[in-house]
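Working notes, structure below.
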Amino acid sequence: MTNTLCRMLALAAALVVGGCAMGPTRDDPFEPFNRAMYAVHEPIDTHVVRPFIEGYTKVVPSPVRTAISNFFNNIDDLFSAINDGLQGKPDKFGNDLGRVVINSGVGLGGLIDIASQVGVERGNEDFGQTFGVWGFGQGPYLFIPLFGPTTVRDGSGWIVRLYWGPTGYIPDVRWRNSIYGLAAIDQRYQAQDAVSFVNDAALDRYAFIRRAYLQRRLYLLYDGKPPPQKEEQ
Amino acid sequence: MMQMIRRLSTALLLATALFATAAHAQQAPDALVKSVSQDVLDTARSDPKVQAGDAARIREVVEAKLAPHFDFTHMTMLAMGRNWQKASPAQQAELTTQFKTLLVHTYAGALSKYRDEKIEYKPLAPNPSATDVTVKTQVIKSGGGAPVPIDYSLAKTADGWKAYDIIVAGVSLVTNYRDEFNEQIRNGGVDGLIKTLKAKNG
């Protein structure tokens, strides 16, 4: 427990420092570094990861892929409920917990997303958004090879999730790593269409991904009703 | 007598045609979004060339059925922001043409991946005095999975309602391009942006 508390304090300190290091209008103070990271990421993604995901799409039948996505989304929904609680949103908490109960039970351990079929929509909360609700700034934007776009705040949320996620409690190392691997494949699989959209649409893929990511996170932070954005200087 | 009847029927035909055009122009924005998207998707489903992935044919469909309902000048102005004033009328026209081509190509690319997703349309509360609305839709994937919200921003013009932005899962296309345009202009001026757009479309 003390260990956990220390981790949280260290994290809070990192968030505060990160938040202060940022200028008021610049989301991406480390742009040259991030662009270098993106230059590492893109060829690996295009020549290794993308063909691999295409293979996964061909080999694994569609209902199985959907069941895998649903399984991991169900775990995300559980964390969404936890974060609803941390943000003091009782309605969303009930909604997301209801989803987990329905899908874990009737939906066979999360393999079938019954809740969406009956119109209970996903809450999409996470630790990064909770830190935002608690008043931490988003901090500098970061691009991490193979992981993708994030910010100091969202990345910290992701680390918290990794520490406390249920997969970490699986004692068998091979099983645990296999599940982490499958989760990573599923994440990338769910992003496949978005990646080809960026290739079609973007003049500068790095900048396009950055703005799309930051817009999406702002939208989620404000539960779908972000304040109107002023034009950048 | 015959002549009069003929003249009358011509007048009637003309009136019907005029009325039809006016009705289309006056169609409520939510009904417009629904009829235009359904038209595009029905064509995508039934056209054998589209089904075979013929990129030129998919672009033709988008150009003919979707593009007339977008205000590309308005979109280009918004994506340019304060830089719009720096561009000459000729540059503004060229930017609009190139941006339109890029958007049509991008939409055609997305349409070619369309399978049998269903679209849910959320009706707007009727408000006759509104001049700027957001029509909300949701794409439901066939195998389950999370629905993707897609919103359309439309403005009322003399020529009926015209879309000027698409917001996919909270990501506004126009806002995304504003960053891109800004950066291109900072590096190479308005002509630099035009050159980049042309290279992308070529």
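Readers should treat all values here as calculations from the given coordinates under stated rules, not as data from a laboratory. Nothing here was measured: the structure is a model prediction, and the numbers come from that model. Methodologically, a virtual Cβ is constructed for each residue, glycine included, from the backbone with ideal geometry; neighbour enumeration extends over all protein chains shown.
What are the ³J(HN,Hα) couplings of region A:146-157, residue after residue, when phi is run through the Karplus curve with 6.51, -1.76, 1.60 and θ = phi - 60°? Round to Hz, x for glycine and proline.
Using θ = phi - 60°, the values come out as 6, 8, x, x, 7, 10, 4, 5, 5, x, 4, x Hz.
Could you tell me the relative contact order of chain A? Use alpha-carbon pairs under 8 Å, at least six residues apart, and round to a whole percent.
Value for chain A: 23 percent.
Compute the length gained on full extension between A:Thr57 and A:Tyr180: take 0.36 nm times their separation in residues and subtract their Cα-Cα distance, giving the result in nm to one decimal.
So the chain would gain 42.4 nm between A:Thr57 and A:Tyr180.
Convex hull over the Cα atoms of the protein assembly as shown, averaged projected area in nm²?
Across all orientations, the protein assembly as shown yields a mean hull projection of 27.3 nm².
How high is the relative contact order of chain B, given as a whole-number percent (alpha carbon pairs under 8 Å, six or more residues apart)?
Relative contact order of chain B: 22 percent.
If R₀ is 30 angstrom, what is the calculated FRET efficiency for the pair A:Val40 and B:Glu63, using the beta carbon separation as r and rounding to 0.05?
0.20
Set the Förster distance to 30 Å, then compute FRET efficiency between B:Ala130 and A:Ala191 from the Cβ-Cβ distance, nearest 0.05.
With R0 = 30 Å, the Cβ-Cβ based efficiency is 0.25.
Take B:Asp54 and A:Asp204, extend 7 Å from each Cα along the Cα→Cβ direction, and tell me the distance between the two endpoints in nm.
3.9
Anything over 18 Å Cα to Cα? Flag those among A:Lys92/B:Lys34; B:Lys34/B:Lys118; B:Lys100/B:Lys162; B:Lys34/B:Lys65, in the order listed.
Flagged as over cut-off: A:Lys92/B:Lys34.
Between A:Ser104 and B:Asn187, what FRET efficiency comes out of the Förster formula 1/(1 + (r/R0)^6) with R0 = 45 Å and r the beta carbon distance, rounded to 0.05?
So, using R0 = 45 Å, E works out to roughly 0.30.
Cα to Cα, under 13 Å, and not fewer than 8 places away if on the same chain: which aspartates and glutamates meet these conditions relative to B:Lys141?
Correct list for B:Lys141: A:Asp113, A:Asp193, B:Asp116, B:Glu117, B:Glu120.
For B:Ala155 paired with B:Lys141, estimate the spin-label separation in nm (one decimal), with each label point 7 Å from Cα along the Cα-to-Cβ line.
Distance between the two pseudo-spin positions: 3.5 nm.
Roughly what % of Cα-Cα distances in region A:160-224 sit above 14 Å, to the whole percent?
Distances greater than 14 Å cover 72 percent of the Cα pairs.
Please tell me which of these pairs span more than 31 angstrom C-alpha to C-alpha: B:Lys113/B:Lys195; B:Lys86/B:Lys200; B:Lys113/B:Lys198; A:Lys225/B:Lys156; A:Lys58/A:Lys89?
Too far apart for the 31 Å limit: A:Lys58/A:Lys89.
Tell me, what does the Kirkwood hydrodynamic radius of chain A come to in angstroms if you use every pair of distinct C-alpha atoms?
So the Kirkwood estimate lands at 19.3 Å.
Taking 0.36 nm per intervening residue step and subtracting the Cα-Cα distance, what contour gain separates B:Asn201 from B:Asp116 on full extension?
27.7 nm
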